[in-house]
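Here's the structure we're looking at; comments come further down.
The values are calculated or read from the model by the stated rules, or taken from the named source; none is laboratory data. In this text the structure is predicted, and so the values were computed from the model without any measurement. Ideal geometry is used to build each Cβ from the backbone, glycine not excepted, and the neighbour counts take in all protein chains shown.
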Amino acid sequence: MRRGQTKLGPVRYMLRAEYRRGAWSGARIGRLAPWSLSPFAATLHYAQAIFEGLKARRIAGDAAAVFRLDAHAERFARSAERMGMPVLPPERFRRWVLGFVRHQQRQLAAGRALYLRPIQFASEPLLGARPATELEFALLASLVREEDVSGLRLWVERTDARACAGGIGAAKTAANYAAAMRARGVAAAHGCHDVLWLDAVDHRNVEEMGGANVAFVARDRLLTPPLGDTILDGITRRSVLALAPRVGLRVEERAVAWRELASGLRSGRISEALALGTGIGIAEIAAFRDRQRELRVRGGPVADALRRELAREQHGTGQYQWLSSV
Ligand code: PLP
């Protein structure tokens with residue numbers, strides 16, 4: 001099975017703003033509409049483009065709330081800084097997101113979320129490469145139905161690399177996804193849903209997926225590769241690490257070699273493999289494939305237990321203050 005966030009369709013409104021002459025404009029909410037862009041717009045040539053992915057839901061008492069808005073606002077600012085772009089102050093990011101969700105909140109119902117996709121890109125016409133000084137910001141959204149995901153198959157990529165030390169792997173920037181497309185195509189041709197990336201130096205250690213972080217259950221431990229400049233600091237990962245002790249797991253953030261993972265899956269020492277992301281939530285990985293073989297994951301109760309804990313936090317009945325009400 002692989003369900004997940006089934007799209008109900010894009011929202012027909014968007015929020016827009018621009019950066020010109022050293023300052024951000026105010027934001028306007030209007031109908032979803034195309035841009036008119038110069039063919040020399042820097043984003044088309046030099047890929048100065050960043051985005052975020054976060055969700056709003058209906059919570060207890062019929063209010064709408066955004067999950068971990070502060071963390072997403074800060075990551076958007078870090079991505080802009082890494083890509084040499086003017087930073088949208090996190091306070092303004094938060095205000096704009098809340099304003100847009102307020103505008104759209106009547107669309108929210110139980111079992112549905114509003115997936116929010118803020119983007120920022122360089123629109124300045126440039127022929128020579130330099131950091132652009134004219135940018136567009138937009139907040140787009142799609143209504144999604146949330147369902148548990150299991151049965152994921154991952155392609156273990158041994159040729160291409162997604163990110164390297166000193167590079168842009170920790171930024172949520174378009175270029176990282178472009179670098180991953182060839183391997184995603186190979187993965188799909190082998191019946192896999194996504195790629196498991198290994199480190200760029202010698203393809204030894206597990207890093208993350210194309211669109212999610214990974215964690216593994218080894219007896220009473222939850223193992224996950226440590227953050228650095230090659231892995232996106234996932235907000236779901238961060239939340240799951242905070243929740244793990246509640247389901248009896250000790251967190252170990254350390255390098256996980258592919259060989260250790262493969263032998264752990266074979267011996268049964270590693271019983272569950274989880275994909276962690278805003279889109280798919282906490283999803284169960286069922287198998288890893290490479291050119292020689294397929295390794296199956298036994299499975300166990302942890303994915304469900306963590307999902308229950310995370311759902312409480314997302315719906316306002318948990319312990320943490322992770323919600324921003326509109
Ligand atoms: N890693 C990559 C490359 C991603 O695209 C995503 C998804 O957004 C994640 C990890 C998970 O991050 P988050 O939990 O913040 O959605």
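Going by what's in this entry, would residue 253 be described as of a type in the set (D, E, K, R) and either closer than 24 Å to residue 155 by Cα or in contact with a Gly (Cβ under 8 Å, 6 or more places away or on another chain) (or both)? Steps first, please.
Values: of a type in the set (D, E, K, R): yes; either closer than 24 Å to residue 155 by Cα or in contact with a Gly (Cβ under 8 Å, 6 or more places away or on another chain) (or both): yes.
So residue 253 passes the test.
Identify, from the list 68, 78, 58, 112, the residue that is in contact with a helix residue (DSSP H, G or I) (Cβ under 7 Å, 6 or more places away or on another chain) and either crowded, with 16+ Cβ neighbours inside 10 Å or at positive phi (or both).
None of the others qualify; the one that does is 68.
Residue by residue through the stretch 61-87, note down the ones that are within 18 Å of the chain's Cα centre (by Cα) and in a strand (DSSP E or B).
66, 67
Can you give me the number of residues within the stretch 227-243 that are more than 17 Å from residue 310 (Cα to Cα) and more than 11 Å from the ligand (Cβ to nearest atom)?
Selection size over the stretch 227-243: 2.
Among the residues of the stretch 301-320, is any among the small types (Gly, Ala, Ser), away from the ligand (no atom under 15 Å from the Cβ), assigned to a loop (DSSP other than H, G, I, E, B) and in contact with a helix residue (DSSP H, G or I) (Cβ under 6 Å, 6 or more places away or on another chain)?
Within the stretch 301-320, one or more residues are among the small types (Gly, Ala, Ser), away from the ligand (no atom under 15 Å from the Cβ), assigned to a loop (DSSP other than H, G, I, E, B) and in contact with a helix residue (DSSP H, G or I) (Cβ under 6 Å, 6 or more places away or on another chain).
Just checking, which of 287, 283 is under 18 Å from residue 187 (Cβ atoms), modelled with pLDDT of 95 or more and either within 16 Å of the ligand (Cβ to nearest atom) or in contact with a Ser or Thr (Cβ under 8 Å, 6 or more places away or on another chain) (or both)? Explain how you work it out, then say what you get.
On the way: 287 fails: either within 16 Å of the ligand (Cβ to nearest atom) or in contact with a Ser or Thr (Cβ under 8 Å, 6 or more places away or on another chain) (or both).
One residue alone meets the criteria, 283.
Can you tell me how many residues in the stretch 203-224 are more than 11 Å from the ligand (Cβ to nearest atom) and either crowded, with 22+ Cβ neighbours inside 10 Å or modelled with pLDDT under 95 (or both)?
Residues that pass the stated criteria total 7.
State which residue pairs qualify: first residue at positive phi and inside the stretch 299-326, second residue part of a helix (DSSP H, G or I) in any location, beta carbons under 9 Å apart, and separation of 6 or more residues or different chains.
Qualifying pairs under 9 Å: 316/60; 316/61.
Condition check ((1) surrounded by fewer than 19 Cβ atoms within 10 Å (Cβ to Cβ); (2) under 27 Å from residue 273 (Cβ atoms); (3) under 17 Å from the mean Cα position of the chain (by Cα); (4) of a type in the set (Lys, Arg)) across all residues:
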residue	(1), (2), (3), (4)
127	yes, no, no, no
133	yes, no, no, no
137	no, no, no, no
142	yes, no, yes, no
146	no, yes, yes, no
154	no, yes, yes, no
159	yes, yes, no, no
166	yes, no, no, no
173	no, yes, yes, no
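Among the residues of the stretch 42-55 satisfying the criterion of being within 13 Å of the ligand (Cβ to nearest atom) and under 16 Å from residue 19 (Cα atoms), which is surrounded by the fewest Cβ atoms within 10 Å (Cβ to Cβ)?
51
Looking at the stretch 264-278, can you tell me whether even one residue there is within 13 Å of the ligand (Cβ to nearest atom) and either aromatic (Phe, Trp, Tyr) or not in a strand (DSSP E or B) (or both)?
yes
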